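Undergrad: Supplied in C-alpha cells, the structure appears directly below.
The values are calculated or read from the model by the stated rules, or taken from the named source; none is laboratory data. Bear in mind the structure is a predicted one, so any value in this text is a computation, not a measurement. Heads up, the Cβs are rebuilt from the backbone with ideal geometry, glycines too, and the neighbour counts pull from every protein chain shown. Calculation scope for accessible area: heavy atoms of the full protein, side chains included, ligands and nucleic acids excluded. Shrake-Rupley method; radii C 1.70, N 1.55, O 1.52, S 1.80 Å.
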Amino acid sequence: MKGLITEVESVGYQAFNILYPFFKNLKIISILSIIVHLGSIFLIFFLPFLGSHTYVSEKNLQCTVSPFISNQFADICINYSNDFKTMFPNRSLGSNEALNSANWIKDQLDQLGLETQLYFFNSSFNRIGVNVIGISKAIRSLGTENFVLTTSFDQWHSAGSVGFLIGFSEYLKNTSWQARDIIYVFTSEGGEINGGTSMDISGISVWLNDYYSVKPVGWTGSSSDQQQQQQQQQQKSNSLENNYSSKTLLRAGQIYGAIAIDRVGNKNMERILVYPEGLKGGLSNLDILNVITTTSFLNDIPAGINTHMDQEAVEGSLYGLLIFMWNSALSLPRSNHAIFTQYGINSVGVSTDHSHNVWDIDFLNTPLHKIHKNIKRFNEEPLSNTTFFNLGKIMETVIRHLHNADEQLHQSYRWYMMAGAVFFIDLGQALLPVIVFSVGIFLQLISISISIENITIRILLSLPWFLSILSFCSTILLLPWFLSTFNLIPTNDLQPANLYKSSQLLNNLFSTLSITNSIENQIIFFSFTFLFACISFYFFILSPISKYITKILSISFPTFNKNDWYGTQTILLLYYALLGLMGMMLNNQFTCLFIVLSLPTLHFTTFILDNKVKSKLVKLIWMIICLVSHPMFLVFEWWALWSIGWKNLFIGIILASNNWGFLFFPFFIFGLVPIYLGIFKLLFISTKSSSLSIDHSKLQHTDKLKSKSVKYSNFNKFKKN
C-alpha cells in the first residue's frame with residue numbers, strides 16, 4: 001500500500017512539474033482558453049449529431065389502440081366552429097360580445113351534460129375577463145385526478161380550436177373507457193390584436209393560480225351584464241372577501257396533465273405541430289410528447305416542432321434544434337400549455353397550422369409580436385374536414401393512453417433539447433457547451449492565480465468597485481417592481497395595470513410636455529425617471545463609498561496599486577463563469593444561445609493586457625467589438641426594432657421578464673453591463689495607472705537578491721574570521 005501511495009505521489013509530482021510552468025505562461029493559456037471557448041460554440045452546432053430518436057418509456061403508454069372517431073365527428077366540430085365565428089366575430093376583452101361568446105360556450109357544454117361555470121377575473125384598466133370551465137365526469141373515475149384540455153376563445157384564430165374542443169367533449173361524453181375526469185378550460189387572453197392591450201392578464205394564469213391557491217384573484221358569478229357591472233365595482237375594493245362569491249371554483253382533484261389546442265382547421269393538416277417548451281426553460285416529461293408524435297406517425301401524419309416549415313426532417317436537424325432553443329430561451333408562451341409547467345404539470349401545445357413563422361409570438365399578450373397580415377385570409381379559409389378528423393383520431397388515442405397510466409409520468413427525461421419532433425438531445429449532452437465554456441474561463445483563472453503573486457490582495461483592492469457596479473445593476477433590476485407598484489404593468493400575483501388615463505396629474509404633465517398620454521409613454525416616462533435615479537444613486541452614493549473603502553484598503557497595502565488589472569480581470573472571469581453555470585441551471589437553452597454563443601471577450605482582453613498593448617485605437621476597436629460580442633442579443637434587438645419599434649421592444653422585455661421569466665433583461669443588466677464596464681476599466685483605466693506603478697514581483701525578486709547578497713557577505717566575513 002505504501003508503495004502504491006509513493007508511486008501516485010511520484011506521478012503527481014511529475015505532472016505538477018510539467019503543468020506548473022505551462023500554467024504560469026499566461027499568454028499560452030489565454031490562447032488555449034480562446035480555443036476552448038470556440039470549442040464550446042462548436043458543440044452547440046454538433047449537438048444534433050449526439051442525439052437519438054425518442055421512445056415511449058412507460059409501458060402503459062404504448063400507442064396500440066385504434067381510434068373510433070368517424071367523419072361525423074369532423075362535421076360536428078366544423079358546425080360548432082362556423083356558428084361561433086359567425087355569431088361572435090369581435091370578441092375583444094371586456095366587451096359584451098366576449099361575454100356573450102363565453103355564455104354560448106357554456107350553453108353548449110350544459111346541453112352536453114357537463115358541469116359548467118363562468119369564472120371572472122379583473123384584467124387591465126378596469127376590464128373584466130372571463131373563463132369558461134366544464135368538467136366531464138368519467139364513469140370509472142374516483143374524482144382524485146383529472147386531465148385538462150384547454151384553448152383560448154378570444155383570439156383571432158380561436159374559432160377552429162373552440163369548435164374542436166366542444167365537438168371532442170361531445171364525443172368523449174358518450175365513451176366508457178375514461179379513467180380520469182376531464183376539465184375543459186376556455187380562456188380569455190386578450191392582447192392588442194384582439195382589441196385589448198399588452199397589459200392584459202392571462203386567463204389561464206388566473207385559473208391555474210386559483211385552482212391551487214387559497215387566495216384567489218378571480219370570482220364566480222352570473223353572466224348578466226348587470227351582474228358583471230356590479231362585480232366590476234366590487235373589484236375596486238381592496239377586500240378579497242367582497243370580490244369572491246360564495247360559489248367556489250370548480251375542481252376535480254389533482255391535474256395529471258394538460259394539452260392546449262392552438263390553431264386548428266383552416267388547411268388540410270400536413271403534419272401536427274407540438275409545442276414542447278414551457279416558461280423559464282421548463283419542460284414537461286418527454287413521454288407526453290412521445291405519445292402524441294408516435295400516435296401521429298402511426299396514423300400516417302408527420303409530426304414537427306417548427307411552425308413555418310412545410311416539411312421537417314424526421315431525424316431532426318440543426319435548424320430544428322436552434323428553433324427549439326430560441327422558443328425555449330424566449331420563455332414566451334405560444335399556447336396555454338406553457339403556464340402549466342410553472343406548476344410542475346406535464347403539458348404540451350398542439351396545432352395544425354404551420355403558416356406563421358418563428359417571429360410570430362402572438363398567442364398570449366405581449367408587445368413582442370408583429371401584426372399579422374394573414375389574419376383576414378386565415379379566417380376566410382374554409383375549415384378542413386380532414387384536419388378535424390385526423391386531429392380527432394390523434395387526440396382520442398392520446399387521451400386513452402394517458403388514461404391508462406396509473407402513476408405520474410416519471411421514467412422519461414425532464415431536461416432535454418429537441419432537434420425534431422421525434423429526435424432529442426438528453427441532459428448530459430445538452431450541458432456540454434456550457435461546461436466547456438466554463439472550463440475555458442477557469443483555465444485563465446488558474447493561470448492568473450499561479451503566475452501572479454499576492455492575487456488575493458489585488459482582488460481585494462478591486463472588489464469595492466465591482467460591488468458598487470453590482471449594486472447599481474441590482475437597483476436597475478427593480479424597474480419591473482417599480483412599474484408594477486405604480487400599477488403601470490401587472491404584478492406577479494396577477495394584479496392588473498390600472499393607472500392608464502386615471503391620473504389628472506399625469507394628464508397635465510404629459511400635456512405640458514406635448515406627449516400623448518398613452519400607456520406606452522407612461523411606462524417609458526416612469527422607466528427613464530427610475531433609470532436617472534439609479535444613475536444618480538451610483539454617482540452620489542455607491543461610487544464615493546467604494547472609493548472610500550478602496551482608500552482604506554490602499555493604506556493597509558501601500559505597495560499595491562489599487563487599479564491593478566490582475567485583480568479586476570480575475571473578478572470578471574470568476575463572475576462570468578459563475579453566471580454561465582447559474583444560467584445553465586435556470587434556462588440551459590438561453591445560456592447556450594445568449595451566453596456561450598459569443599466572442600471570447602474576456603479571454604482576448606487578458607491576451608491584450610498581458611502583451612501590454614498601448615495603442616488606444618486597438619483598445620477602442622476591441623471595446624466596440626466587445627459591445628457586439630453576443631450576436632443573439634443583436635438578432636433579438638434588431639428584429640424587434642425593425643418589426644415593432646423601440647417602445648414595444650423596451651416594454652415587451654420588461655413585461656416578459658416580470659410575467660413570464662424571460663432572462664433577457666436580468667442577464668443583460670446583471671451580466672453584460674458589469675462585464676462591459678469592467679472591460680472598459682481594464683482597457684482605459686487600469687493599464688494606464690499600472691504603467692506608473694511598481695512591479696511587485698520584480699520588487700520582491702530584488703528583495704530576495706539583496707537578502708542573498710547580505711547572507712553571502714556575512715558568510716565571507718565568517719570565513720575570514
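Undergrad: Yes or no: region 5-16 includes at least one residue that is polar (S, T, N, Q) and open to solvent by 70 Å² or more (accessible area, probe 1.4 Å).
TA: For region 5-16, residues polar (S, T, N, Q) and open to solvent by 70 Å² or more (accessible area, probe 1.4 Å): present.
Undergrad: For region 502-524, name all the residues that are within 23 Å of I653 (Cα to Cα) and not β-branched (V, I, T). Let's see the steps before the verdict.
TA: Filtering region 502-524 for residues within 23 Å of I653 (Cα to Cα) gives 515-524.
Residues satisfying the conditions are N517, S518, E520, N521, Q522.
Undergrad: Looking at region 403-426, which of its residues are farther than 12 Å from L286 by Cα, within 28 Å of the chain's Cα centre (by Cα) and at pLDDT below 85?
TA: Q408 - this is the single residue of region 403-426 that is farther than 12 Å from L286 by Cα, within 28 Å of the chain's Cα centre (by Cα) and at pLDDT below 85.
Undergrad: Output the qualifying pairs, or none if there are none: Cβ atoms under 6 angstrom, residues six or more apart or on different chains, first residue in region 407-426 and among the aromatic types (F, W, Y), second residue in a loop (DSSP other than H, G, I, E, B).
TA: F423/G51; F423/E315; F423/G316; F424/G51; F424/T54
Undergrad: Does G113 satisfy the criteria of being small (G, A, S), over 21 Å from A405 (Cα atoms) and either open to solvent by 10 Å² or more (accessible area, probe 1.4 Å) or part of a helix (DSSP H, G or I) (or both)?
TA: Yes, satisfied.
Undergrad: Then there is this: So, in region 570-615, exactly how many residues are part of a helix (DSSP H, G or I), free of Cβ contacts under 8 Å to residues at least 40 places away in the same chain and more than 26 Å from F45 (Cβ to Cβ)? Reasoning before the result, please.
TA: Start the filter on region 570-615 by keeping residues that are part of a helix (DSSP H, G or I), which leaves 570-586, 588-596, 601-610.
This time we only want the ones that are free of Cβ contacts under 8 Å to residues at least 40 places away in the same chain, so: 578, 582, 585.
Applying the additional criterion that residues be more than 26 Å from F45 (Cβ to Cβ) yields none.
Of the residues in region 570-615, 0 are part of a helix (DSSP H, G or I), free of Cβ contacts under 8 Å to residues at least 40 places away in the same chain and more than 26 Å from F45 (Cβ to Cβ).
Undergrad: Please identify the pairs in which a residue from region 21-36 that is touching a residue at least 40 places away in the same chain (Cβ under 8 Å) and within 16 Å of I452 (Cβ to Cβ) has its Cβ atom under 6 Å from the Cβ atom of a residue that is assigned to a helix (DSSP H, G or I) and of a type in the set (D, E, K, R), counting only partners at least 6 apart or on another chain.
TA: Between residues of region 21-36 that are touching a residue at least 40 places away in the same chain (Cβ under 8 Å) and within 16 Å of I452 (Cβ to Cβ) and residues that are assigned to a helix (DSSP H, G or I) and of a type in the set (D, E, K, R), the close pairs are L26/D610; K27/D610.
Undergrad: Right, next: Pairs only if they're at least six apart or on different chains, beta carbon under 7 angstrom, first in region 623-650 and on the phi < 0 side of the Ramachandran plot, second of a type in the set (D, E) and at pLDDT 80 or above; list them, first residue then second.
TA: Note: pairs meeting the criteria are K647/E520; L649/E637.
Undergrad: Return the residues of region 640-665 that are open to solvent by 30 Å² or more (accessible area, probe 1.4 Å), at pLDDT 85 or above and out of contact with any helix residue (DSSP H, G or I) (no Cβ under 6 Å at 6 or more places or on another chain); say none if nothing qualifies.
TA: Listed by number, the residues that qualify are W646, F650.
Undergrad: Return the only residue of I450, I435 being within 15 Å of C592 (Cβ to Cβ), assigned to a helix (DSSP H, G or I) and open to solvent by 30 Å² or more (accessible area, probe 1.4 Å).
TA: Step by step, each of I450, I435 is checked, and only I435 is within 15 Å of C592 (Cβ to Cβ), assigned to a helix (DSSP H, G or I) and open to solvent by 30 Å² or more (accessible area, probe 1.4 Å).
Undergrad: Right, here's the next one. Filter region 537-549 down to the residues that are surrounded by 13 or more Cβ atoms within 10 Å (Cβ to Cβ) and within 12 Å of W465 (Cβ to Cβ), then identify the one that is nearest to the chain's Cα centre (by Cα).
TA: Y538
Undergrad: Please pick out the residue among F49, F42, F16 that is more than 24 Å from L432 (Cα to Cα), out of contact with any Ser or Thr (no Cβ under 9 Å at 6 or more places or on another chain) and not aliphatic (A, V, I, L, M).
TA: Step by step, each of F49, F42, F16 is checked, and only F16 is more than 24 Å from L432 (Cα to Cα), out of contact with any Ser or Thr (no Cβ under 9 Å at 6 or more places or on another chain) and not aliphatic (A, V, I, L, M).
Undergrad: Follow-up. Test I292 against the criterion of being closer than 23 Å to W156 by Cα and under 28 Å from the mean Cα position of the chain (by Cα), and give yes or no.
TA: no
Undergrad: Only one of these conditions is not met by I552: (1) over 25 Å from I446 (Cα atoms); (2) within 20 Å of the chain's Cα centre (by Cα); (3) among the β-branched types (V, I, T). Which number is it?
TA: (2)
Undergrad: Every residue in region 117-151 that is under 15 Å from R251 (Cβ atoms), open to solvent by 20 Å² or more (accessible area, probe 1.4 Å) and either at pLDDT 90 or above or in contact with a strand residue (DSSP E or B) (Cβ under 8 Å, 6 or more places away or on another chain) (or both), please.
TA: K137, S141, G143, T144, E145
Undergrad: Part of a helix (DSSP H, G or I) and crowded, with 21+ Cβ neighbours inside 10 Å, is that true of P48?
TA: yes
Undergrad: Condition check: more than 21 Å from T485 (Cβ to Cβ), open to solvent by less than 80 Å² (accessible area, probe 1.4 Å) and at pLDDT below 90. Does F525 satisfy that?
TA: no
Undergrad: Among the residues of region 166-173, are any over 18 Å from D493 (Cβ atoms), surrounded by fewer than 21 Cβ atoms within 10 Å (Cβ to Cβ) and among the charged types (D, E, K, R)?
TA: Within region 166-173 (the criterion being over 18 Å from D493 (Cβ atoms), surrounded by fewer than 21 Cβ atoms within 10 Å (Cβ to Cβ) and among the charged types (D, E, K, R)), the answer is yes, since at least one residue qualifies.
Undergrad: Quick check on this structure: which one of F45, F73, F49 is of a type outside the set (D, E, K, R) and more than 30 Å from L427 (Cβ to Cβ)?
TA: F73
Undergrad: Mind telling me which of the residues S198, S213 ends up being more than 21 Å from G392 (Cβ to Cβ) and surrounded by fewer than 20 Cβ atoms within 10 Å (Cβ to Cβ)?
TA: S213
Undergrad: Give region 666-687 a look and list any residue that's open to solvent by 10 Å² or more (accessible area, probe 1.4 Å), in contact (Cβ under 8 Å) with a residue 40 or more places away in the chain and of a type outside the set (S, T, Y), or say none.
TA: P666, F667, I669, F670, V673, L677, F680, K681, F684, I685
Undergrad: For residues in region 477-493 being of a type in the set (A, V, I, L, M) and either open to solvent by 30 Å² or more (accessible area, probe 1.4 Å) or touching a Leu at 6+ places or on another chain (Cβ under 7 Å) (or both), which is nearest to D610 (Cα to Cα)?
TA: It comes out as L477.
Undergrad: Residue by residue through region 398-418, note down the ones that are open to solvent by 20 Å² or more (accessible area, probe 1.4 Å) and either touching a Pro at 6+ places or on another chain (Cβ under 8 Å) or among the basic types (K, R) (or both).
TA: R400, R414
Table: residues versus (1) open to solvent by 20 Å² or more (accessible area, probe 1.4 Å); (2) more than 27 Å from S198 (Cβ to Cβ); (3) charged (D, E, K, R).
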residue	(1), (2), (3)
L505	yes, no, no
Y575	yes, yes, no
M584	yes, yes, no
T601	no, yes, no
